[in-house]
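Visitor: My questions will all concern the structure given below.
Every number here is computed from the coordinates shown, using simple stated rules; none is lab data. Worth saying up front: this structure is predicted, and the values here are computed from it rather than measured. Cβ atoms come from the backbone with ideal geometry, glycine included; neighbour counts cover every protein chain shown.
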Amino acid sequence: MKYDAIVIGAGPNGLTAAAYLARRRRKVLVLESADEIGGHARTIEFAPGYRAPLNDDAGWVPPAVRRLVGLKSQKIVGGSVSVSVVGADGQVLSLPARLEAGAAGASIRAHSERDAKLWVPFVTQLHNFASVLGALYRIAPPDIDDTSLKALLPLVGVGRRLRTLGAEDMTEFLRVMPMSIQDLLDDTFESELLKAAIASCAIRDIRQGPRSGGTTFNLLHYLVGAPLGSVRARKRFLDGPDAFAAAAAGVAKKRKAEIRTNARVERITVKNHAVTGVVLSGGEEVAAPLVVSTLDPKRTLLGMVDPVWLDPEFTLAVKNVKLRGCTAYVFYAMDGEIQDTSRTFASTVSLTPTTVALEKAADAAKYGEVSKDPHIEFFVPTMRWGHLAPAGKHIVVARVQYAPYQLKAGEWNHDRACALSEQVTTAIARAIPGFKDSIEHQAVFTPRDIEERFGASEGALTQGEMTLDQILFMRPVASWGRYAMPVDGLFLGGAGAHPGPGVLGGAGYLAARAAVKGR
C-alpha cells in the first residue's frame, strides 16, 4: 500500500507530526519499533503492576501543538515544590514551584538572609529570559543564507519579545546565555546549598559540570513553559505521564492516520535523490514520497540512508553531532507507604549538596568513568499518579549522572549495573528512612539499556546535547536546521532538531509544517 507520508517513531514528536499531516489530508502511516506508543515519554512496566516514567518533567507544549492535539480536556496541574536538595547534614532546602516570596524566603533565609532577598528578582529575570527562548521555539529557525524580508518576518515577534525586556535586561540576556551556571550563581548567591539546587537543573542530560560554558542556556531551555518562580518543575498532566501521547494518537487516528507498533524501519529508500519509502526489518517495503523521521540524526541519516545520497561534508557533520548519553535510571517498587508529609518527594530531590561535588561527578565521565559519588536525584511518581502502582504501594525513580555510555573499563554489564544500583540505593536511603527494607523490586537502565529499549543512539534521549554549538539553527548541524534534509522528501522531526528535547511535539509539528510547505 502506498501512503502520502510515513512518520518514523510514535513518540510525542512523531504523533504530533502525524496529526498535522493527517489534518492536511495526507494519508499517513506511523511506524513504531516498540510494542506501544509514547517513545521515551511512555511509562515502563519494570515489575508486575508497577509502571514508571523516565523523567519527572513531561515538557512544555507549544500553543500551536496544544491546539492541534486538543488538550482542553486534559487537566494540567502543578506541584508546590520545584526542586529540593539534601545537605550533607540531612537538612533539606526546598524551592517553591511558584513565585511565592514568603515561601521561598523562609526556606532560603535559613541558609542566607541575603540570598532570600535576591530570590524573587533572580527567578523573575530567569523566566523573562526563558520567555525569549519560548518565542524562538514556536517557529522554525531562520535560513541563515536567506536575507529576504519573507525569511526574516517570523523573527519579528521574537524581536518584540526581546525588546520588552528593556535595554538593561536585553544586555544581561546576551551576557548570561553563554555563561556557566557556576559563574552566574557565584555572581548572585552565597549559599552553597542554594547554588547546588539550581545548578542541578542546569546540567540536566549533558556530560558537563556546572563550570562549563552554556550550562545557563541549558537551565533556561528547560525553564520554558515553567510556572513563574520555578527553577525546575513544569506543570504535569493529571491523567498520567503519557497523557500527551494518548491525546496526540487519538487526534491522528481520528483523522485516519494509521499507527503500527512492532514495526522497525531498517532503511529509507531513495531514488534519483528523492525518498521513495522505507523497508521494515522483516523485508516489507512501504512506499511514500515523504518521510518524517523522529529518530536521532545519526540513526536516521547514517543508519538508514545509503551514504551515496549524502555529501561527504554533511555526513562528517552528522558524525560529529555530540550525543554523549550520560544518564542512567534506577526504578524501585516499594512495598508500603513513603512518609513525606510535605510531599517534597513528588518533586525532584537532588542528593548533591555542592556545586563542587557536581563538577567532580562530571569530571569522572570525561574519562569514561562513573564517579565514586555520582549526581543522584529522585522523585516518587506515585505521589502524583497513584494508579502507576498497586494500592498502598509506591515507585521511586532515580536519575544518575554521570554514567557515560562509553566506559573506559569496557562495556556496561550486569556487575557494573548492579554496582551503580547499589550506590544509588545507599544514597537514597540516607534521605528516606527505612528505604532499603521497603524495596520489593528494582531495575537498572544504563545508557546501553536506554539505547536498546528506545532506539536512542548512545542512550541520549536528547538526541544531541543542548550545548551552544547544537542549538537553534545549528540543530542538528549548521545549515541544515530547517527540518528538510539533503534527500528530497526526507525531514527530521525529533528532539535532534530545533527546538530540541523537553518541548512536546515542537519539532514534529514544525517538521510536518515544513514538509507540507515544501510539497
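Visitor: Less than 17 Å apart at the alpha-carbon level, and either on another chain or at least 8 residues along: which lysines does that give for LYS319?
Guide: LYS298
Visitor: I'd like the Karplus ³J(HN,Hα) series for region 75-84: coefficients 6.51, -1.76, 1.60, θ = phi - 60°, whole numbers in Hz, and an x wherever there's a Gly or Pro.
Guide: For region 75-84, the Karplus-derived couplings read 7, 10, 10, x, x, 8, 10, 7, 7, 10 Hz, x marking Gly and Pro.
Visitor: Follow-up question, since we're still on this one. Would you compute, from DSSP H runs of 4+ residues alone, the mean residue ellipticity of the chain at 222 nm, taking -39500 (n - 2.57) per run and dividing by the full residue count, rounded to the nearest 500?
Guide: Estimated from H runs of four or more residues: -10000 deg cm²/dmol.
Visitor: On to the next question. Please list 3J(HN,Hα) in residue order for region 185-192, calculated via the Karplus relation 6.51 cos²θ - 1.76 cosθ + 1.60 where θ = phi - 60°; whole Hz, with x for glycine and proline.
Guide: 6, 5, 6, 10, 10, 10, 6, 5
Visitor: May I pose another question? What is the distance in Å between the Cα centroid of region 350-368 and that of region 423-484?
Guide: If we compute the Cα centre of each part, the gap is 16 Å.
Visitor: Over the chain, calculate the relative contact order: mean separation of alpha carbon pairs under 8 Å at least 6 apart, over the residue count, as a percent.
Guide: 24
Visitor: Cα to Cα, under 14 Å, and not fewer than 8 places away if on the same chain: which aspartates and glutamates meet these conditions relative to LYS117?
Guide: Leaving aside aspartates and glutamates fewer than 8 places away in the same chain, those within reach of LYS117 are GLU100, GLU190.
Visitor: Once phi is turned into ³J(HN,Hα) by the Karplus curve 6.51 cos²θ - 1.76 cosθ + 1.60 with θ = phi - 60°, what whole-Hz value does each residue of region 437-454 show in order, with x for glycine and proline?
Guide: 6, 9, 6, 8, 7, 9, 9, 10, 10, 7, x, 5, 5, 5, 4, 6, 6, 10
Visitor: Quick check for region 343-491: number of Lys pairs with alpha-carbon distance under 22 Å, counting only pairs 8 or more apart or on different chains?
Guide: 6
Visitor: Here is a follow-up. Alpha carbon centre of region 259-284 versus region 489-519: separation in Å?
Guide: Taking the Cα centre of each part, region 259-284 and region 489-519 sit 19 Å apart.
Visitor: Find the centroid of the Cα atoms in region 160-225 and in region 1-71, then give the distance between the two in whole Å.
Guide: First find each Cα centre; the distance between them is then 31 Å.
Visitor: Further question: Sequence-distant or interchain residues sharing an amide H contact under 5 Å with THR348, placed H: which?
Guide: Distant-sequence amide H within range of THR348: SER84.
Visitor: In straight Cα distance, which lysines are under 18 Å from LYS271, not counting same-chain residues fewer than 8 positions off?
Guide: Here the lysines satisfying the reach criterion relative to LYS271 are LYS2.
Visitor: Continuing with this model, one more query. Sort 5-15, 191-201, 383-393 for me by packing, meaning the mean count of neighbouring Cβ atoms within 10 Å per residue, highest on top.
Guide: 5-15, 191-201, 383-393
Visitor: Hey, can you grab everything whose amide H is under 5 Å from the amide H of GLY277? Only 5+ residues off in sequence or another chain; H modelled, so Pro and N-termini drop out.
Guide: Under 5 Å from the amide H of GLY277 lie the amide H atoms of THR269, ALA288, each far enough along the sequence or on another chain.
Visitor: Convex hull over the alpha-carbon atoms of the chain: what's its volume per residue in Å³?
Guide: Enclosed volume per residue, from the Cα hull, is 146 Å³.
Visitor: Okay, next question. What's the ranking of 262-272, 248-258 by average number of surrounding C-beta atoms within 10 Å, highest first?
Guide: 248-258, 262-272
Visitor: Continuing with the same structure: What does the charge count around GLY500 come to, taking other residues whose C-beta lies under 14 Å from its C-beta (Lys +1, Arg +1, Asp -1, Glu -1)?
Guide: Result for the local shell: -1.
Visitor: Also: For a quick check: with amide H placed at 1.01 Å from N, whose amide H comes under 5 Å from VAL503's, ignoring anything fewer than 5 positions away on the same chain?
Guide: So VAL503 has HN proximity to TRP60.
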